[in-house]
Amino acid sequence: MVKMTESTYRIQGGTGEWEVVIGLEVHAQITSKSKLFSGASTEFGAEPNTQVSLVDAAMPGMLPTLNAECVRQAVRTGLAINAQINKYSRFDRKNYFYADLPQGYQISQLYHPIVGEGVIQISLDEKDPDAHGKAIGVERIHIEQDAGKLMHDQHPTMSYVDLNRCGVALMEIVSKPDMTSPKEAAAYVRKLRSILRYVGSCDGNMEQGSMRADVNVSVRKPGGELGTRTETKNVNSMRFIQAVIEYEAQRQVDLIEDGGTVVQETRLFDPDRNETRSMRSKEDAHDYRYFPDPDLLPLELEDDFIFDCKASLPELPDEKRARYKNVLGLSAYNAAVLTAEHETALWFEQLLDTSDEPEKIASSAANWVTSELFGALNRLGVGIENSPVSPAQAAELLGLVADGTISGKIAKQVFEIMLETGDGAKKIVEEQGLVQESDTGAIEKVIAEVMAANEDKVAQYRDGKDKLFGFFVGQTMKAMQGKANPQVVNELLKKILG
Amino acid sequence: MSIDKETVKKIASLSRIAITDAEADAFVPELNQILGWVEQLGEVDCSKVEPMTAVIPNKLRLRDDVVTDGEIRDKILANAPIADHGFFAVPKVIE
Amino acid sequence: MTEIYDLGIAGIRSGIADGDFTAREVAETFNARVSAAKPLNAFLVETPEHALAAADATDKARAAGETLGKMAGVPIGMKDLFCTQGVETTAASGILKGFVPQYESTVSANLFQAGAGMLGKLNLDQFAMGSSNETSAFGNVISPWRRNDGGNSDLTPGGSSGGSAAVVSGRIAPAATGTDTGGSIRQPAAFTGITGFKPTYGRCSRWGTIAFASSLDQAGPMAHDVRDCAIMLEAMAGFDAKDSTSLDLPVPDWEAALNSNLAGKKIGIPKEYRVENMPAEIDALWQKGIEMLKDAGAHIVDVSLPHTKYALPAYYIIAPAEASSNLSRYDGVRYGLRDLPDGAGLQDMYAATREAGFGPEVKRRIMIGTYVLSAGYYDAYYTQAQKVRTLISQDFDKAWKSCDLLLAPTAPSAAFGLGEKMDDPLAMYLNDVFTVPSSLAGLPAMSVPAGLDGKGLPLGLQIIGKALDEQSVFNAGLAIEERAGFVAKPEQWW
């Protein structure tokens, strides 16, 4: 039984409540054109073994040379989470044998990582992040090589090896065991992904494997000593991460309560069965024989380099959200939703940029984006970066509402046509004659016609049947095909009916 | 630190070198002799010494992020014991 | 008249320039010497057509009046640790049998660029692990030298660059490439009466050279004399962006600056190199060397390198540790040997392949390296060894305060008989006692032949210099060479 209160997640066991302790090691592919230690391309989806250099294939005598961009992106990422940047770092070899690892070792950073401790602010309440925030510690970020890929289903007795991914740069972002529920873990990954995408150091594409997590889970009695943890490798979706935690926590509680002990081991998640299982033959896993790679020298960073990295950072989600709330006056909800994804914020800001006084249109624009635009994109199944309506087109539409040319109701109609045809709002409004009628003379003329046609109702109204007012509004609007300014219609009817 | 046959077998397994029982027996005195000899390093007081990193002072250079390599699959696969459909092939791995 | 095959690099160069003979004649001469030298088992692959093609290019360039490269028309032997495009490269190991590199190592490419041709790939200790050439998977090299006791027993040419030493001393190649990790150029040079030079770590690119121990491996020339070594090293060395440990420095014109006048130079004699049980002949040779350097104008000072005795044990932790990892790539997946027993899985295939492909010494070193890096032992062994390495390097730094160069024997004995030390790995390791400390410190060092022992076998003296000061090492070597008057050559018995 899982009991979820506002901030605590507990497993109810036979011996009482259990607390779950979660740490995540997120592997994020660094956005770069070429690999970490070779000049081969990192492009996704190429023919097998075409994006492989002699270095990646670990031919005899081949040597690594370090990609500057990967270093820069790791440092920028560290700065984005306010982490310590280590001016001295080293590369170590992690030795193990596998067919996707041609060198027989992965070049990583164990003893001296490039980035030290930092922190990521998460929230369990997306609508008001400040209300339920929590700081999750980041232990370190280090740079390492990705492995190649094995394919098992192409041949009855053989596995195939494709080294295209081999040597692509990864950042391993290691959290502290600060998370205590599946939701917190998901919130952490969501926030980390958002930061990486803002920084531009990783595209965050979990389906293509650009981001995946090793999930460390242990259980303990609340406040007690840390339990033995298991590590479930290579979990590649937010949903699976939560499923792993739920399954592992329950499994460990059941195991302990049945008198067993949790073994520190590496496990795999099976999405089909929604369970984790122990990985076979990982007896060497804890003896990687790390030592400094003698083919590489220590990496020493200059102050200027770090300064330039810092200067190149964009406004980050937390700062942006605060600005949207405090300067633009957006609601907590709108500020949170608009800043969660960098593309959304950029789109929104382009929309604001069309105005000389962005603060004035910010609230209405925010409401429109979060309701109308998001609704439409959702229906179309596209991201904001592929929105069929551009920020400038949206600004034109909102401008027509603001200056009274069209009503909010008509605006929805115009927006639908914009999505279908790609035409501008003004063009649509003009061509389809959707301009709002605010001319009192024209409206009075119609009102007179309506009253003439309904003399009995006029008499009833004047005798005190107030609720007939709506009837006259409706008739007038209908006669004007909905284009009359409803406010003007109301005012005039009140005056004429008396 | 004297090593026994079990340790020899464990090292051989970590090294991915198949050894027979007899070979493991033979390695025990041999490795012990060598390890016993190198252990004299323990005599040296290194409490204030940093381990060597770069033997000749030198700085790690950074490479520009440019694609300069790849598209040489024929060369990559030229020496493969078995290559199939552009892949290296190995005995089936069960995960 | 001197036979062409008696000429070294400088002699061939001037002969071609003067029109005494063509490069093609030179190549043909040495190709014939190579074919006739099979009993020495020095070559793993012969490439006569490569030597001829380079020679023809040189002759054509000369006819066209072009400036010739430093090595133009010189056919050399290539230690089979350098990957050569299209030519089988095995590091003398069964695990690389049949491996044909699709690339050219930087060092061999530099030499070819300078006009050198290649006579073939030279035998060596498997993966350069050995001091006698007996660990080769393709049989040991037999030294051209024999003791003057009439016993005709086969001797080692030293190792690991044993093939290189054998062919240069036997006048089968005018020069050859070597690599030195703990003495693998200098010791075989000393054993065979030739000159061998290990430059400062980082002078020669390691790209395309099969790695043994990355932080120690350095390529260098093995040739008749000091001048030839200077010429050849100029051609081999140079900055290479593909090797992160390559030194980004111009290559000096060492040949032009050769000068055997050592006035003002201080030569240190490290007292710790006077090891127990050192043969009297070696000690006497060392004394002779001191006198020769004095005669060249140098001042002799006693120096101390207090951590010398720890150099060998530190080396035999660091080198195997690096090797255990460097050799992990030989797994039967992408190239070389694959041994796949019936029904074997991937990990079984690795173990079977590596069992079948590696020789006993390579396995021994991989096992030691794996052990010293393994959980719980890393600090006690590896970290401690790297700290001791720092102390050894600091010993040299301190010595340089009172001297410019060091003089020592190259090896503790003359060449020994094949099979004499194979049963005792430790005794074999002790061969490197004088060469390993400078390797650990990355310093330039050379061996020059300085005399014969009582059995008529060559003995070498070693000069060690400051980092990047190859010039002083060459100059002191030249001073010894001029005074030692070493002209002995092995009788051709093969």
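Details
- All Cα-Cα separations within the range C:352-486 were binned at 5 Å from zero, giving a P(r) of 2, 8, 13, 15, 16, 15, 13, 10, 5, 2, 1, each value a whole percent of the pairs.
- Within the range C:271-321, GluC sites (Glu not before Pro) in DSSP loop having at most 15 other beta-carbon neighbours inside 10 Å: C:276
- If you take all other residues with their beta carbon under 13 Å from the beta carbon of residue C:214, and give Lys and Arg +1 and Asp and Glu -1, the sum is -2.
- Cα-Cα P(r), chain A, percent of pairs per 20 Å interval: 19, 41, 25, 12, 3, 0
- For residue C:43, residues with placed amide H under 5 Å, excluding near neighbours: C:123
- Placing a pseudo-label 7 Å from each Cα along the Cα-to-Cβ vector at residue C:2 and residue C:299 gives an inter-label distance of 3.7 nm.
- Computed log10 I(q)/I(0) for the range A:440-497 at 0.14, 0.16, 0.22, 0.24 Å⁻¹: -0.31, -0.41, -0.78, -0.94, from the Debye equation with unit scatterers placed on every C-alpha and solvent omitted.
- Alpha-carbon centroids, the range C:308-335 and the range A:346-392: separation in whole Å: 61
- For the range A:2-308, size of Cβ-based charge dipole, Lys and Arg +1, Asp and Glu -1, in debye: 180
- Each principal axis of the Cα cloud of the range A:315-431 was taken in turn, and the coordinate range along them, longest first, works out to 43, 31, 20 Å.
- Amide H within-cut-off set for residue A:110, under 5 Å, with H built and near neighbours excluded: A:92
- Summing +1 for each Lys or Arg and -1 for each Asp or Glu among the other residues whose beta-carbon sits under 11 angstrom from that of residue A:428 gives -4.
- The protein assembly as shown: equivalent-ellipsoid semi-axes (sqrt of 5 x gyration tensor eigenvalues, Cα, Å): 74, 33, 26
- For the range C:294-306, backbone phi angles converted through the Karplus equation (6.51, -1.76, 1.60; θ = phi - 60°) give residue-by-residue couplings of 4, 4, 7, x, 7, 9, 9, 10, 8, 10, 10, 10, x Hz, Gly and Pro being listed as x.
- Coupling constants for the range C:389-400 follow from the phi torsions by the Karplus curve (6.51 cos²θ - 1.76 cosθ + 1.60, θ = phi - 60°), and in residue order they are 4, 4, 5, 5, 5, 5, 4, 5, 4, 5, 4, 5 Hz; glycine and proline get x.
- Close amide H partners of residue A:105, meaning residues 5 or more places away or on another chain with modelled amide H under 5 Å apart, are A:96.
- Given 11 as the ceiling on other Cβ atoms within 10 Å, longest exposed-site-free region of chain A for trypsin sites (Lys or Arg not before Pro) in DSSP loops: A:1-272
- Averaging the Cα positions of each part gives two centres, and for the range C:365-387 and the range C:67-114 these lie 33 Å apart.
- In Hz, Karplus ³J(HN,Hα) per residue of the range A:221-236 (6.51, -1.76, 1.60; θ = phi - 60°; x = Gly, Pro): 5, x, x, x, 5, 4, x, 6, 9, 10, 10, 9, 8, 6, 8, 10
- Rounded to whole Å, the principal axis extents of the Cα atoms in chain B read 53, 45, 25, largest first.
- Under 12 Å, Cβ to Cβ, from residue C:404 - net charge with Lys/Arg +1 and Asp/Glu -1: +3
- Reachable aspartates and glutamates, given that their alpha-carbon falls under 17 Å from the alpha-carbon of residue A:409 and they are not under 8 places away in the same chain: A:372, A:396, A:430, A:437
- Farthest toward positive dipole pole in the range C:136-227 [+1 Lys/Arg, -1 Asp/Glu at C-beta], among C:169, C:158, C:142: C:169
- When the alpha carbon coordinates of the range A:57-155 are projected onto the principal axes, the ranges are 56, 41, 22 Å, largest first.
- The translational diffusion coefficient of the range A:394-498, from Stokes-Einstein at 37 °C and 0.692 mPa s with a Kirkwood hydrodynamic radius over alpha carbon pairs, comes to 222 µm²/s.
- Kirkwood hydrodynamic radius of the range A:90-223, from the reciprocal of the average inverse Cα-Cα distance over all distinct pairs: 17.2 Å.
- log₁₀ of I(q)/I(0) at q = 0.15, 0.20 Å⁻¹ - the range A:1-78, Debye sum with one point per alpha carbon: -0.67, -0.96
- Inter-chain shielding of A:89-99 (mean C-beta neighbours from other protein chains, 10 Å cut-off): 5
- Averaged over the residues of B:3-13, the number of partner chain Cβ atoms lying within 10 Å of the residue Cβ comes to 3.
- When the C-alpha to C-alpha distance is required to be over 24 Å, the pairs from A:33/B:92; A:320/A:360; C:265/C:455; B:59/C:266; C:242/C:387 that qualify are A:33/B:92; C:265/C:455; B:59/C:266; C:242/C:387.
- Cross-link reach is defined here as a Cα-Cα straight distance under 19 Å, omitting same-chain residues fewer than 8 places apart; for residue C:121 the lysines meeting it are C:38, C:79, C:97.
Since every read-out is calculated from the coordinates, none of them should be taken as a lab result. What you see is a predicted model, and the numbers here were worked out from it, not measured in a lab. Using ideal geometry, Cβ is built from the backbone for each residue, glycine included, and neighbour counts are taken over all protein chains shown.
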